[in-house]
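Here's the structure, in structure tokens; my notes come after.
The values are calculated or read from the model by the stated rules, or taken from the named source; none is laboratory data. The shown structure was predicted, so the numbers you read here are calculated from the model rather than taken from an experiment. Ideal geometry is used to build each Cβ from the backbone, glycine not excepted, and the neighbour counts take in all protein chains shown. Surface accessibility is based on the protein's heavy atoms, side chains included, excluding ligands, DNA and RNA. Shrake-Rupley method; radii C 1.70, N 1.55, O 1.52, S 1.80 Å.
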Amino acid sequence: MSKQLTPISEHIGKTSSTKVSYNTRDLILYAIGIGCDELKYVYENDSEFTSFPTYPIVLNFKGTANSVVGFPSDAMLATGHLPPLSGTRVILDGERYLEVITPLPAEGDFTLKSTLVGISKRGQGALVETETVIYDDKFTYVKIVSGAFLVGAKDFVPDKAGTSHSLNVPPPNRPPDAVEEVRTLPNQAHIYRLSGDYNPLHIDPSMAQASGFKKPILHGLCTLGHAAHVILRKYGNNDPVLFKSIRGRFAKPVEPGEQQQETTTERVEREI
């Protein structure tokens, strides 16, 4: 009997939109969640108060909610475009690219538009890439490319459809220009989830064990925020105006309370 294959090209270009919003309190809570302690990120009356540049990365979880949301949230359901590929056992957050086009205001209401741009076979699964833009009637503020890895996905054709923004960026063959140790808090995930990503994997021990982890792990986007904070301090004088973009791949889980070692080189800093 011939194997039934799933066509994937028909999913490319699917687009949907939802409303998102945030306020000053949301910006402060996110900054604390990624380890910021500078007053300009955590104190609303500071003369230089501003958002940390990676904040928009939580808006597709939060939507317009001002309280706890489910997982997946209404905003995620409104803009989700994952194709129904056979064999998929679990969906992992694999990659993220964020580019600041216009600095965010201190608060506001916006539209988030999400488009499925690529599906490609990767190892024992598939990488599904979605491009998101956040805008209002005046500006486009940010572009985000998300890569979800569908573990076990198989029997689809062709092996690649659409466009892939995924890049391998090998570090130079020399010692890093800077190394910084970052200690996360034991309750880091408890704080970060309040920004909108309420995936129980990051707080519920039984859910973490069912997913193959000994205990709850830290959100990959939380570790990305920590890394962005380190890089901006080291190479950008901690000035968010100088932040342009960052690219990250989630290769290994971090447990809350664990120490992260951030190694950077000037070459990598320019490319992310």
Q: Provide, in order from the shortest bin, the percent of all Cα-Cα pairs of the chain in each 10 Å bin, continuing until the bin that contains the maximum pair distance.
A: 7, 28, 36, 23, 5, 1, 0, 0
Q) Among T184, F156, V90, whose Cα lies farthest out toward the positive end of the dipole of the range 84-203, if unit charges sit on the beta carbon of Lys, Arg (+1) and Asp, Glu (-1)? A) F156
Q: Highest first, please rank the peptides 194-202, 208-216, 116-124, 26-34 by the mean number of other Cβ atoms sitting within 10 Å of their residues.
A: 26-34, 194-202, 116-124, 208-216
Q.
Students often get this wrong, so check it: of K3/K154; K113/K234; K14/K154, which have C-alpha atoms separated by over 23 Å?
A. K113/K234
Q | Computed lengthening from S9 to A78, 0.36 nm per intervening residue step minus Cα-Cα distance | A | 22.7 nm
Q: Would you mind working out the accessible area per residue for the chain, using a 1.4 Å probe, and quoting it in Å²?
A: 51
Q. On a 0 to 90 degree scale, rounded to 10, what angle separates helix 220-235 from the longest Cα axis of the chain?
A. 40
Q: Express in Å², to the nearest 10, the accessible area of R233 obtained by rolling a 1.4 Å probe over the protein heavy atoms while all chains stay in place.
A: 90
Q: Quick one: pull the percent of accessible area on the chain belonging to carbon and sulfur, 1.4 Å probe, ligands and nucleic acids left out.
A: 51
Q. In degrees between 0 and 90, to the nearest 10, how far off the longest principal axis of the chain does helix 24-33 point, with axes built from Cα atoms?
A. 80
**Q.** Using a Förster distance of 30 Å, the FRET efficiency for D109-T163 (Cβ separation, nearest 0.05)
**A.** 0.50
(Q) Averaging over every viewing direction, what projected area does the convex hull of the Cα atoms of the range 110-174 cover, in nm²? (A) 6.6
Q) Once every DSSP H run of n ≥ 4 in the chain is given -39500 (n - 2.57) and the sum is divided by its residues, what mean residue ellipticity at 222 nm do you get, rounded to the nearest 500 deg cm²/dmol? A) -5500 deg cm²/dmol
Q.
Could you tell me the extents of the range 139-209's C-alpha atoms along the three principal axes, largest first, rounded to whole Å?
A. 44, 40, 39
Q.
Under the 0.36 nm per residue contour assumption, what length would be gained going from the current alpha-carbon distance of K215 and L185 to full extension?
A. 9.3 nm
